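Participant: Questions regarding the structure given below will be posed in turn.
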């Protein structure tokens with residue numbers, strides 16, 4: 001399926017400030033600090049879930065021009081945080097942001113992507129497949145801009161305040177002293193959010209931002225375990241790409257480990273034929289591994 005067809009098939013919902021679906025955390029941020037303006041309307045594709053304090057939520061952000069090692073670290077970190085039930089927030093920028101998003105998405109986690117363009121013109125283009133997968137699965141893609149708004153440079157600085165507001169902790173992996181990443185950190189500090197940083201090689205300009213934050217008291221992060229412990233969560237066994245579920249049965253249990261999903265959501269996330277999915281779900285119910293709730297959504301059995 002072409003991404004245009006995939007994207008166009010996902011409903012877009014506009015939440016006004018007075019609507020029940022509008023994130024209260026944005027209104028709270030507007031009341032808390034001068035200069036923060038909550039968007040009059042938030043446009044959403046996908047499933048907009050609660051954020052902290054109801055759901056642990058971390059922004060993983062960093063340099064677009066990251067190193068290969070930084071990209072691998074961010075991917076692994078995103079997957080491991082997803083395994084711990086932590087929701088990721090990201091601007092979907094190239095480099096660190098996208099790597100963490102892809103790790104979380106491939107691990108079946110929840111990701112909230114905040115764009116600097118309208119949802120009819122999603123950007124960046126190299127993340128379109130990822131944005132479709134998120135909005136079709138258990139994540140969401142949001143924007144404060146009108147549907148056809150182009151991705152203008154100042155929009156990205158503008159949306160950074162939303163990334164900070166949605167997060168309880170902002171984690172920096174590689175960033176220059178003056179960058180969009182550090183702009184997001186500034187908003188996070190204004191909002192009283194926690195800041196964390198990953199140390200890098202001395203002398204690398206991409207280490208300058210994290211090292212400055214660490215000198216100023218940011219939480220030092222060398223692994224997902226550091227983040228999970230800070231949030232008071234239990235981290236599961238390290239997630240590597242090679243450890244992905246190897247059978248459709250394992251894949252379904254993996255998708256349901258932290259959240260309930262409907263048949264249609266499982267169909268999209270698993271990409272299994274509908275008849276095969278029905279059979280597998282029936283067997284898992286008979287084995288006592290999953291249950292079907294009153295609303296029709298499937299979830300892992302609590303007694304296992």
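The values are calculated or read from the model by the stated rules, or taken from the named source; none is laboratory data. Keep in mind that what you see is a predicted model, and the values were worked out from it rather than measured. Cβ atoms come from the backbone with ideal geometry, glycine included; neighbour counts cover every protein chain shown.
Participant: Specify which of the listed residues (258, 254) is out of contact with any helix residue (DSSP H, G or I) (no Cβ under 9 Å at 6 or more places or on another chain) and modelled with pLDDT under 85. Steps first, please.
Facilitator: On the way: 258 fails: out of contact with any helix residue (DSSP H, G or I) (no Cβ under 9 Å at 6 or more places or on another chain).
Within the list 258, 254, the selection yields 254.
Participant: Of all residues being in a loop (DSSP other than H, G, I, E, B) and in contact with a strand residue (DSSP E or B) (Cβ under 6 Å, 6 or more places away or on another chain) in the range 13-66, which is farthest from residue 199 (Cα to Cα)? Just the residue, please.
Facilitator: 21
Participant: Take the range 100-121 and flag every residue that is modelled with pLDDT of 95 or more and buried (at least 21 other Cβ atoms within 10 Å of the Cβ).
Facilitator: 100, 101, 111, 112, 113, 114, 115, 116, 117, 119
Participant: Being assigned by TED's automatic domain parsing to the domain that holds residue 153, in a loop (DSSP other than H, G, I, E, B) and within 12 Å of the chain's Cα centre (by Cα), is that true of even one residue in the range 70-90? Before the answer, list the steps.
Facilitator: Of the range 70-90, the ones assigned by TED's automatic domain parsing to the domain that holds residue 153 are 70-90.
Right, trim to in a loop (DSSP other than H, G, I, E, B) and you get 84-86.
Pick out the ones that are also within 12 Å of the chain's Cα centre (by Cα) and you get 85-86.
Scanning the range 70-90, I find at least one residue that is assigned by TED's automatic domain parsing to the domain that holds residue 153, in a loop (DSSP other than H, G, I, E, B) and within 12 Å of the chain's Cα centre (by Cα), so the answer is yes.
Participant: In addition: Tell me, please, whether a residue that is touching a residue at least 12 places away in the same chain (Cβ under 8 Å), part of a strand (DSSP E or B) and under 10 Å from the mean Cα position of the chain (by Cα) can be found in the range 96-106.
Facilitator: Just the residues of the range 96-106 that are touching a residue at least 12 places away in the same chain (Cβ under 8 Å), to begin with: 96-106.
Among the residues that remain, those that are also part of a strand (DSSP E or B) are: none.
No, the conditions are met nowhere in the range 96-106.
Participant: Every residue in the range 136-155 that is buried (at least 18 other Cβ atoms within 10 Å of the Cβ) and either without any contact (Cβ under 8 Å) to a residue 12 or more places away in the chain or in contact with a helix residue (DSSP H, G or I) (Cβ under 6 Å, 6 or more places away or on another chain) (or both), please.
Facilitator: Matches in the range 136-155: 136, 137, 141.
Participant: Another one. For the range 218-232, give me each residue that is in contact with a strand residue (DSSP E or B) (Cβ under 8 Å, 6 or more places away or on another chain) and not in a helix (DSSP H, G or I). If you could, list the steps in order and put the result at the bottom.
Facilitator: Going residue by residue through the range 218-232, those that are in contact with a strand residue (DSSP E or B) (Cβ under 8 Å, 6 or more places away or on another chain) are 218-222, 226-227, 230-231.
Scanning the range 218-232 gives 218, 219, 220, 221, 222.
Participant: Name the residues in the range 283-304 that are surrounded by 11 or more Cβ atoms within 10 Å (Cβ to Cβ) and in a helix (DSSP H, G or I), would you?
Facilitator: So in the range 283-304, the residues surrounded by 11 or more Cβ atoms within 10 Å (Cβ to Cβ) come out as 283-285, 287, 289-292, 297-301.
The answer is 283, 284, 285.
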